[in-house]
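To start, the structure itself, in structure tokens.
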Amino acid sequence: MPIPFHPGQGTIVICDFGGFVPPEMVKRRPAVVVSPRLRKRKGLCSIVPLSTTAPNAIAPYHFKLHINPVLPPPYQALFHWVKADMLYTVSFARLSFPFDGKDAAGKRKYVVHVIDPANLRQIQHCMLRALGLTSLTDYL
């Protein structure tokens, strides 16, 4: 179910990258919201995708993010790799919260997981490195 509002920075969402073309992301996967809510930009937010597969060569724009508690299946893992070189701005229609089964009444249960500020700061460092703005990391 698509989200109806801009999640806070650091919130983990599931993004459907369907319709993109390889080597872009092309499947559903977790992502971290990195943009704040901007009043004049409705229906969009910026995210960096997560992967349980380590990069072939770990670069300064990758970060091993430990997630506790783990996300619900099929995304459960003790850690995910942040792919900050693959920054996207996407429609809310592509985003949902991780789904964790149904309650006794049959209503879907969603998990809202927000990473801590120190991890968000590390992701911001990685994003700057990916954009060739390494000199700005001193200001974070």
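The values are calculated or read from the model by the stated rules, or taken from the named source; none is laboratory data. Note that this is a predicted model, so its numbers are computed, not measured. Cβ coordinates were reconstructed from backbone atoms using ideal geometry, including for glycine residues, and neighbour counts include every protein chain displayed.
General remarks:
- Pair list, Cβ under 9 Å, 6 or more apart: segment 34-50 residue free of Cβ contacts under 8 Å to residues at least 40 places away in the same chain and among the charged types (D, E, K, R), other residue in a loop (DSSP other than H, G, I, E, B) and surrounded by 11 or more Cβ atoms within 10 Å (Cβ to Cβ): Arg37/His6; Arg37/Pro7; Arg37/Gly8; Arg37/Gln9; Arg41/His6; Arg41/Ser35; Lys42/His6
- Where a residue in segment 94-109 is hydroxyl-bearing (Ser, Thr, Tyr) and its partner, wherever it lies, is part of a loop (DSSP other than H, G, I, E, B) and modelled with pLDDT of 85 or more, with Cβ under 9 Å and at least six apart: Ser96/Ile3
- In summary, Pro2 fulfils each of the numbered conditions (1) under 28 Å from Ser135 (Cα atoms); (2) modelled with pLDDT under 95; (3) not basic (Lys, Arg) with the single exception of condition (1).
- Single residue of Arg94, Arg108 found to be under 27 Å from Phe5 (Cβ atoms) and surrounded by 13 or more Cβ atoms within 10 Å (Cβ to Cβ): Arg94
- Meets criteria (surrounded by fewer than 12 Cβ atoms within 10 Å (Cβ to Cβ) and modelled with pLDDT under 90) for Ala57: no
- Sole exception among (1) touching a helix residue (DSSP H, G or I) at 6+ places or on another chain (Cβ under 9 Å); (2) surrounded by 15 or more Cβ atoms within 10 Å (Cβ to Cβ); (3) over 25 Å from Thr137 (Cβ atoms) for Gly18, by number: (2)
- Annotation: Pro2 fulfils all but one of (1) surrounded by 20 or more Cβ atoms within 10 Å (Cβ to Cβ); (2) assigned to a loop (DSSP other than H, G, I, E, B); (3) touching a helix residue (DSSP H, G or I) at 6+ places or on another chain (Cβ under 7 Å); the unmet one is (1).
- Residues that are at pLDDT 90 or above and within 25 Å of Phe63 (Cβ to Cβ) within segment 93-114 comprise Arg94, Leu95, Ser96, Phe97, Pro98, Val112, His113, Val114, listed in sequence order.
- Hey, Arg29 in contact (Cβ under 8 Å) with a residue 12 or more places away in the chain, charged (D, E, K, R) and touching an Asp or Glu at 6+ places or on another chain (Cβ under 7 Å) or not: no
- Checking the stated criteria, Pro23 turns out to be assigned to a loop (DSSP other than H, G, I, E, B), within 30 Å of Ser135 (Cα to Cα) and out of contact with any helix residue (DSSP H, G or I) (no Cβ under 8 Å at 6 or more places or on another chain).
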